[in-house]
Amino acid sequence: MRIAILSRNKKLYSIRRLVQESRKAGIRCDVINPLECQLVIDGKQSRILAGTVTLPTYDAVLPRIGASITEYGLAVVRHFEILGIAAINSSQSIAESRNKMRSLQVLTGAGILVPSTVLTRSTRGLKAAVEAVKGLPVVLKILQGTQGVGVMLVHTPISLGSVLDTLRTLDQDVIVQQFIVEGAGRDFRAFVVGGKVVASMMRTAPQGEFRSNIHRGGEGNIVKLPPHYEKTAVRAAKVLGLDVAGVDLMESNDGPLVIEVNSSPGFEGIEKATGINVGAAIVQSIKKTLK
Ligand code: ADP
Ligand code: MG
């Protein structure tokens, strides 16, 4: 068995761990930089060149595409799929989960609870948008942000107007979202692999911060998720078609809300917080899929 990991950086913790666990499981594993991939369409000879060399056939490709290269990265994943190589996760599921509005549309369409959210370009409608998400303060998010960057908490109409003007000038579409007061500063990260939660942690934001991302200084601690949280996380990954997913959930008065679903979740934070071998769980799941 031979797999390819698509990543720009071999040295990242999660990539090193995936390579290590693949080798342990007797799988040959190459790390390929998606930006070095040239995608050749040529009838039956369609192929991918890594720099100058044609890539061999792999049993599966594991895309770990960063937000900064989503578009090119997705074209690369699509090419692997065209060549008949199984992508874990698929290009479509990555595309759907990467966009924060689109993923919430898919989730809500499947009956999964998410915070009230408005996608808007209207200046005239701003007041109505704020009312639709139950009033100020509101959370603003750019559609493609990750690791907490691009997520803002806004308390007043004046700052809301000026922040939106700025983002529009920067050509950023944004969503306005209900601020979940009851669960603020804390969330759950459920790591879903092959339809099961393999590890979960509670993340707590540092003092004076509402974002609980580990990259923003949040602290992760192992938790056993209540069964309905677990079920929600598994369903969220499933409706987005993700074999590997990091599902963020918040506690609300109405039950667990899905905040977002990550298609290339890093697992340094969660392995360290829980002591669970997430890398091995991913590799074993790929092995099972390919059998
Ligand atoms: P990112 O992709 O940058 O991680 P998220 O949507 O997951 O974006 O938001 C980052 C963090 O901000 C979440 O982990 C959570 O702690 C906090 N957060 C996000 N949305 C809300 C919300 N609607 N209400 C309260 N806190 C939120
Ligand atoms: Mg998140």
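Based solely on C-alpha atoms, express the radius of gyration and the Dmax of the stretch 166-291 in angstrom.
15.4, 51
What's the extension gain from K288 to R102 if we count 0.36 nm per residue and subtract their Cα-Cα distance?
Working it through step by step, the gained length comes to 64.0 nm.
Report, by chain and number, residues whose modeled amide H sits under 5 Å from the one on A87, excluding near sequence neighbours (fewer than 5 apart, same chain).
Distant-sequence amide H within range of A87: V61.
³J(HN,Hα) across the stretch 63-75 via Karplus (A = 6.51, B = -1.76, C = 1.60, θ = phi - 60°), whole Hz, x for Gly/Pro?
x, 10, 8, x, 4, 6, 10, 3, 5, 5, x, 5, 4
Probe radius 1.4 Å, ligands and nucleic acids ignored: give me the carbon and sulfur share of the accessible area of the stretch 117-179 as a rounded percent.
Of the solvent-accessible surface of the stretch 117-179, carbon and sulfur hold 59 percent.
Rg/Rh for the stretch 2-95: what does it come to with C-alpha atoms and Rh from Kirkwood?
Ratio value, two decimals: 0.94.
What number results when the radius of gyration of the chain, computed over Cα atoms, is divided by 2.2 N^0.38 Å?
Rounded to two decimals, the normalised Rg is 1.04.
Can you run phi through the Karplus equation (6.51, -1.76, 1.60; θ = phi - 60°) for the stretch 253-264 and list ³J(HN,Hα) in whole Hz, with x for Gly and Pro?
5, 8, x, x, 10, 8, 8, 6, 10, 9, 8, 10
Counting other Cβ atoms within 10 Å, keep those with at most 13, restrict to DSSP loop, and tell me which GluC sites (Glu not before Pro) in the stretch 125-216 are left.
E182
Can you run phi through the Karplus equation (6.51, -1.76, 1.60; θ = phi - 60°) for the stretch 45-58 and list ³J(HN,Hα) in whole Hz, with x for Gly and Pro?
9, 4, 6, 10, 9, 9, x, 10, 9, 5, 5, x, 7, 10
Measuring with a 1.4 Å probe in the full set of protein chains, what accessible area per residue, in whole Å², belongs to the stretch 117-179?
So the stretch 117-179 comes to 55 Å² accessible per residue, rounded to a whole number.
Using per-residue counts of other Cβ atoms within 10 Å, averaged over each peptide, order 43-56, 231-244 from highest down.
Order by mean packing, descending: 231-244, 43-56.
Taking amide hydrogens as modeled 1.01 Å from N in the peptide plane, which residues meet the under 5 Å criterion relative to T120, leaving out close sequence neighbours?
Placed amide hydrogens put V174, V176 under 5 Å from T120.
Angle between the Cα long axis of helix 227-239 and the longest principal axis of the chain, 0 to 90 degrees, nearest 10?
60
Quick one: helix 157-169 against the long Cα principal axis of the chain, what's the angle to the nearest 10°, folded into 0 to 90?
30
Which three lengths, in whole Å and largest first, does the stretch 66-212 cover when its Cα atoms are put on their principal axes?
Answer, in whole Å and largest first: 52, 34, 29 Å.
Gap in Å between the Cα centre of the stretch 21-36 and the Cα centre of the stretch 208-244?
26
To the nearest 10 degrees, how steeply does helix 13-24 sit against the main Cα axis of the chain, on a 0 to 90 scale?
Here the helix axis deviates by roughly 30 degrees.
The values are calculated or read from the model by the stated rules, or taken from the named source; none is laboratory data. In this text the structure is predicted, and so the values were computed from the model without any measurement. Neighbour counts are summed over all protein chains in view; Cβ atoms, including those assigned to glycine, are modelled from backbone coordinates with ideal geometry. Please note that ligands, DNA and RNA were not included when accessible areas were found on the heavy atoms of the full protein model with its side chains. Shrake-Rupley method; radii C 1.70, N 1.55, O 1.52, S 1.80 Å.
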